[in-house]
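The structure appears below as structure tokens.
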Amino acid sequence: MPITFVQCAQTVQELHGLLSDLEQQASALHIDRLDSFEWHQLLEQKLLPQLGEDAFLVAAVVGGTNIGKSVLFNHLAGFRASATSPLASGTKHVTCLAPDGFDQSQNLAAIFPDFELKQWSDSEQALDESETDWMFWRENDSLLPNLLVLDTPDIDSDARVNWKRADKIRRTADVLIAVLTQQKYNDAAVKEFFRRAAAEEKFVLVVFNQVHLPDDESYWPLWMNTFCDETGIKPQFLYLAPHDRQAAESNELEFFERCWPANQSNTNAGEVVGQKAGRQLREDLSALKFGEIKLQTLHSALDLIAAPDGIPGYLRRVKERSDEFRSASELLSTHKLAEIDNWPMVRNGLIVQKIRNWWQGQREGWAAKVHNFYNSIGSGITRGWKLVDEQLRGPQTPPLEAYRAREWEAVLDTVDEVYSRLNWFKELGNPLLQPRLEALLGATTRQELLEHIRRKHESADLDRQLEELVRAELSTFRSESPEWYRSLRQLDAVAAAARPAVSIALFVTGFGPVGNAVGHIATETAVTSAVSVAGDVAAGGVTAAVGETWISSTASSGAAWMEARFRRIHEQFIAQRASWLAELLQTHLLGSLPEELAEAAMIPESPTFQEIQRLVATLTVDMTLADKANPEPSVGAIDNLNETPGSETASQPT
Amino acid sequence: MPDAELAQLELFAQVDELARRLQQWSEGESPWQPLNQSRALVRRLLTRLETMRVRLEAPLVIATFGGTGTGKSSLVNAIVAVECTKSGRERPTTTCPVLIAHSETELQQLNLPLEQFEVVRVDSSVLRDIVILDCPDPDTSETETSGSNLEILRRVLPHCDVLLYASTQQKYRSARVLDELDVASAGCRLIFVQTHADTDEDIRDDWRKVLGERYKIPDVFFVDSVTALAEQQSGQRPRGDFAKLQDLLTTRLAAVQRIQIRRANLLDLTSATLTKCRKQLGEFDPAITSLEETLSEHRQKLTREMSRELKSQLSACSHLWEQRILTQVTTLWGSSPFSALLRLHSGLGALLTSASLYRARSGAQLALIGAMQGTRWLTARQKEKSAEGRFEELATLGINDSLVREARLLIGGHLIDSGMDPALAAPQPGEDARLETARFESEFLSNAKQRIDDAIERLAKRNSGIIARLWYEFLLLLFIGFVLFRAGRNFFWDTVVDPLVKVLPMDFYVSAGLFFGLWSVILVMSFCRRLKRGLNSEISTMADDVAQQKLTGGLFPDLESAIENVHRDRHRLEEMSSTCHRLQGNVATSSELGSPRQLNAETVVSASSSD
């Protein structure tokens, strides 16, 4: 085995491992499984078991159904090794003849990794209908050492599992003994099979079976021409077998060698080259230059996996797919998922109330007592007013609950918008996002999401949230402004004016500017609800307690500053609520989709991907070196099995 | 006309009727996407049926079918006993379809693309009622490229009525040929022939096994075409299976059988297509069902919510009830002292009511106030609201529209699941979602209004029976009588008998008036109380009744009518399908012809697309 191939063996092994790693990583990309690629199968079935091993030759009898493959195989074996039947698609499993002691020197299971090996016991075994890919093997003393001869199932019947088994053997084989007939030489399935074999540069012997001699003597060159033109096969030997069922059954079929290509040496294509007896076929097989053929098939297999539609093609596909993911990810992250410009606001009075509560907690000593006295008067008046109001207008819902109801509407608005936006994404027709989005848009997801948000929304403690916010705000406010208590009194005047308009946008990745209050426009001031009336009354009580001096002392600029403060509380609260919704939507609607997309987009940057790229490059370089060292191996030129052109590789100038 | 023939004609009329119904069904655009797909499938079927119908009476077209080298051309030559199409040993031999017809057969009526064929006229008795089309093979072309045998074959086969499927020992399990047969056999009868009897072994039993699952195989002929041709040319009569085959071709495919065979083919195609459509649409059944469930669930939820609200509002405003019932009672009673008193009371009440109209918070209260005024006010208010654009709550019943919007969100999901147009749940263009709620609600209320009127009438009748009336009249008159008695006795007797006694002073009348006022207030109040007896139970039964009622308009009228259409179309499809099956049973063809057991519709369509 040449040194280059030994090096390649290592590279190929590494490649194989890395490729399955990459496949795992790239599972999100939904690329066809590696197994479905011809080059990968070649890698697994031909290169992995055979690179770096000592040369042995795998010769397989292949062809369409019911054209005498097993007859020919039995002829090669010298006995009825595989059952023959007049019915089509009889042979379902592979039969393998190995030279004596082959099992000691070589591991058959490693050579045929995709088959279950079983000792041959009976020629009928191969007819067994079974899901398992069996290979029945036996040793045969009449074979040369290092030669395996195989019988294969058909390549064109309606039992497609047969095709698969034959394909596996085709990839492993070095020599194909192609059985053709005049009915099948131009069949599409047959041509497809042999076109692949030609690409893999197999060494091909053609046996034209069921020929009517001498009538067909003038036809077979035409048939062969068509076959070779269509498939690209260059058969090294050609035999004709007569249509003689009797002889075939009793294993006495004769094979007549013909020269091919006919027109090179012979002017008359039909001229008989020699009437050789049947045994000759087997001897011809034994006389093949094993080493050469082996090198040729391995070389071409390596070529195929490094060819543009081999591994590089796969990498390209991975890259393309991950680019698609990237664009899908970008699509999601650059477009707003929802824009909310009417998130409801807490009534001013409610905030004022919270501020007051906080403030009360700040007072100490007799001042607190005085305040409490006046406040209870204030609240007494308020209660009376409330009772009257209730009588007049029916019971009112508590303001925070009213806010909750309005907020629920905003939530619905948002969810509605998110869904129509997702629908829009779907209609953009990104093939990756479409199925995911369709699932998201379905009724079950919607119901779940809505239920979930509703539960969370109903259980949210708005009161506490608001209180905490006010406390935090006011604490900083107090530390910033020593005259805070004064400004506080302006609250009610300010409360009427402060109505920030807030618009909120949701993005998929990150929140974008979610919760950033955009636009500060004070709107209509006419908010005189029962609550704000109550606030006014209470404020009156406070005013009475502190006296009236402060009113004159406050400047108008102070009021504006206060107003900004007050608006900030509004904004912050809204922002808090909106980002709460955004977070819910993010986790419960989209889940890990954005991350998955981003991850899939990064695959071509992964070390595995890069390493495979590098290995393929070295492989190509090695192959060119080997080509230069051993220019175009011509089969039959060298007889030596173990000749190593390694020294030449070493001395090759770069 | 003989009965059998009449029955035959009737059958054919039914087949035509089926085709007409198919035509009708396949027209139009539905918001349900799967239905449109099925309709497209049926439309394609119809174009193929049309070509079949045109040549209903023309000679049957027998096409050869089979892998290359199976001796199709040799078989044709043997059948007509003349070497008319080239048979050979090079594959493929036949690339251009050869049409072999009797010189008297008019080819125009076959409606075939004659320019694509090579036409050969042979005056053989076999060809009296049929034409034979020798087709290229399906298995030498790897892909269906233009000009390839496969492409030619696929173009030609939909024009055929009977397939003469030839195969050999080598080829009978060839996957490509079997796959192609799947497509080719759509809408065809089949004849199976194993050729090469001279060299090959008889594999007919195994072949039958291979095909048996998908095809009805009455007979498989095992023939040697070459010998048969030679024998006939040397003047001998054909023997064995070949003679049987020839007999089948001449007798079973004779003119009388034509229409029947074609109808059977037509029904096969139709049945396959309809089965496919049913399957296609059936997949969406669960989605449609859950859509309907969600729809009715939300409708119920909304109605329930509204009736709950209705109940609470109606029970909240008892004075309005009182007013209405009082008015009702006074109209019932006509004039009497107590009735006059009540009228006075209700007159004052009406004044209050008209004031309260401006304060009425809800449609329910409006319904109570009265239909006329209320409706006018409600419409005015709705108009005002739609103009207003955004408003916080649709306050007529106090139901906020988030219920409707939740329903819309969920139904939107169901629409996507079931393949319906999502726009069906979207609000009407230009109509605010809230208005939709309002529309729903006003329907709900107009239902309620009638019931309120009924309830008032009932309450009024029940609580103001003649005894009650007499009792109250008596109590009222008792006071008046007492005062009159006192005043009369004083005036007519006491002052006359005892001069010391003075005529009752003014003070007496003032206090009498005062007590009269008090007395009548007590009476009226207790009467009103009595009137309201049973009101609460009346309200709750009414609210429950209204909730039970199915509102005609529904929440999403477009969607609901779309669903109705879906059901109708599905139903019609089922009907046509069962008709088709029944007819299939009735149109019996000769038992010596094979046919596919179950066509799959993809093959029907792929075949018809190449028409």
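The values are calculated or read from the model by the stated rules, or taken from the named source; none is laboratory data. These figures come from a predicted structure and were not determined experimentally. Backbone-built Cβ (ideal geometry, glycine too); neighbour counts: all protein chains shown.
A few points about this structure:
- Hits in the range B:483-532 (condition: in contact (Cβ under 8 Å) with a residue 12 or more places away in the chain, under 28 Å from B:Val329 (Cα atoms) and part of a helix (DSSP H, G or I)): B:Val483, B:Ala512, B:Phe515, B:Phe516, B:Trp519, B:Ser520, B:Leu523, B:Val524, B:Phe527, B:Cys528, B:Arg530, B:Leu531
- Single residue of A:Trp120, A:Trp163, A:Trp137 found to be within 14 Å of chain B (Cβ to nearest Cβ) and of a type in the set (Phe, Trp, Tyr): A:Trp163
- Residue in the range A:131-148 that is in contact (Cβ under 8 Å) with a residue 60 or more places away in the chain and crowded, with 24+ Cβ neighbours inside 10 Å present: yes
- Exactly one residue out of A:Val411, A:Val418 is of a type in the set (Val, Ile, Thr), within 31 Å of the chain's Cα centre (by Cα) and crowded, with 17+ Cβ neighbours inside 10 Å, and it is A:Val418.
- Of all the listed residues (A:Ala98, A:Ala59, A:Ala77, A:Ala83), the sole one being surrounded by fewer than 19 Cβ atoms within 10 Å (Cβ to Cβ), away from every other protein chain (no Cβ under 14 Å) and among the small types (Gly, Ala, Ser) is A:Ala83.
- Identity of the residue in the range A:603-617, closer than 16 Å to A:Ile31 by Cβ and not aliphatic (A, V, I, L, M), that ends up surrounded by the most Cβ atoms within 10 Å (Cβ to Cβ): A:Phe609
- Residues in the range B:139-154 that are at the interface with another protein chain (Cβ under 9 Å from one of its Cβ atoms) and either of a type outside the set (A, V, I, L, M) or part of a loop (DSSP other than H, G, I, E, B) (or both): B:Asp139, B:Thr140, B:Ser141, B:Glu142, B:Thr143.
- Among the candidates B:Asp202, B:Asp182, B:Asp161, the residue that is over 19 Å from A:Ala189 (Cα atoms) and surrounded by fewer than 23 Cβ atoms within 10 Å (Cβ to Cβ) is uniquely B:Asp202.
- A:Glu217 meets the conditions (1) at pLDDT below 90; (2) within 10 Å of chain B (Cβ to nearest Cβ); (3) in contact with a strand residue (DSSP E or B) (Cβ under 9 Å, 6 or more places away or on another chain) in every case but one. The failed one is (2).
- Residue match in the range A:94-106 (condition: within 41 Å of the chain's Cα centre (by Cα), modelled with pLDDT under 90 and among the small types (Gly, Ala, Ser)): no
- Scanning the range B:449-482 for residues that are among the acidic types (Asp, Glu) and either surrounded by 13 or more Cβ atoms within 10 Å (Cβ to Cβ) or assigned to a loop (DSSP other than H, G, I, E, B) (or both) turns up B:Asp453, B:Glu457, B:Glu473.
- Candidates are the residues of the range A:140-160 that are away from chain B (no Cβ under 14 Å) and polar (S, T, N, Q); the one that is farthest from the chain's Cα centre (by Cα) is A:Ser142.
- Every pair of residues 6+ apart whose Cβ atoms lie under 7 Å, when the first sits in the range B:243-257 and is of a type in the set (A, V, I, L, M) while the second is in a helix (DSSP H, G or I): B:Leu249/B:Ile79; B:Leu249/B:Val126
- Every condition in (1) basic (Lys, Arg); (2) crowded, with 18+ Cβ neighbours inside 10 Å; (3) within 12 Å of chain B (Cβ to nearest Cβ) is met by A:Arg436 except one, and the failing one is (3).
- Top-ranked residue of the range B:41-87 - restricted to ones that are more than 41 Å from the chain's Cα centre (by Cα) and over 24 Å from B:Val119 (Cβ atoms), ranked as nearest to the other protein chains (Cβ to nearest Cβ): B:Gly69
- Options B:Thr85, B:Thr95, B:Thr70: the member that is surrounded by fewer than 24 Cβ atoms within 10 Å (Cβ to Cβ), of a type in the set (Ser, Thr, Tyr) and in a loop (DSSP other than H, G, I, E, B): B:Thr95
- Residue in the range A:91-101 that is in contact (Cβ under 8 Å) with a residue 60 or more places away in the chain, touching a Lys or Arg at 6+ places or on another chain (Cβ under 9 Å) and more than 28 Å from A:Gln183 (Cβ to Cβ) present: no
- Residue in the range B:215-223 that is within 14 Å of another protein chain (Cβ to nearest Cβ) and at pLDDT 85 or above present: yes
- Taking the criterion of being out of contact with any strand residue (DSSP E or B) (no Cβ under 7 Å at 6 or more places or on another chain) and either on the phi > 0 side of the Ramachandran plot or more than 11 Å from chain B (Cβ to nearest Cβ) (or both), the residues of the range A:194-209 that qualify are A:Arg196, A:Ala198, A:Ala199, A:Glu200, A:Glu201.
- Filter result (within 14 Å of chain A (Cβ to nearest Cβ) and either in contact with an Asp or Glu (Cβ under 7 Å, 6 or more places away or on another chain) or in a helix (DSSP H, G or I) (or both)) within the range B:155-193: B:Thr168, B:Gln169, B:Arg173, B:Ser174, B:Ala175, B:Arg176, B:Val177, B:Leu178, B:Asp179, B:Glu180, B:Leu181, B:Asp182
- Selection within the range A:397-410: residues that are touching a His at 6+ places or on another chain (Cβ under 9 Å) and more than 9 Å from chain B (Cβ to nearest Cβ). The member of this set that is nearest to B:Gly412 (Cα to Cα) is A:Glu407.
- Candidates in the range A:228-287 are the residues that are aliphatic (A, V, I, L, M), in a helix (DSSP H, G or I) and over 28 Å from B:Glu201 (Cβ atoms); of these, the one that is modelled with the lowest pLDDT is A:Ala262.
- In the range B:194-217, the residues that are outside any helix (DSSP H, G or I) and over 48 Å from the mean Cα position of the chain (by Cα): B:Gln194, B:Thr195, B:His196, B:Ala197, B:Asp198, B:Thr199, B:Asp200, B:Glu201, B:Asp202, B:Ile203
- Sole residue being assigned by TED's automatic domain parsing to the domain that holds B:Asn265, touching an Asp or Glu at 6+ places or on another chain (Cβ under 6 Å) and among the small types (Gly, Ala, Ser), chosen from B:Ser73, B:Ser38: B:Ser73
- Residues of the range A:298-330 classified as hydroxyl-bearing (Ser, Thr, Tyr) and surrounded by fewer than 23 Cβ atoms within 10 Å (Cβ to Cβ), total: 2
- For the range B:107-138, a residue qualifies if it is among the charged types (D, E, K, R) and within 14 Å of chain A (Cβ to nearest Cβ), and exactly one does: B:Asp137.
- Restricting the first member to the range B:404-427 and to residues that are more than 10 Å from chain A (Cβ to nearest Cβ), and the second to residues that are surrounded by fewer than 21 Cβ atoms within 10 Å (Cβ to Cβ) and aromatic (Phe, Trp, Tyr), the beta-carbon pairs closer than 7 Å and six or more apart or on different chains are B:Gly419/B:Phe284.
- Test: B:Glu142 is surrounded by fewer than 19 Cβ atoms within 10 Å (Cβ to Cβ) and over 23 Å from B:Val177 (Cβ atoms): no
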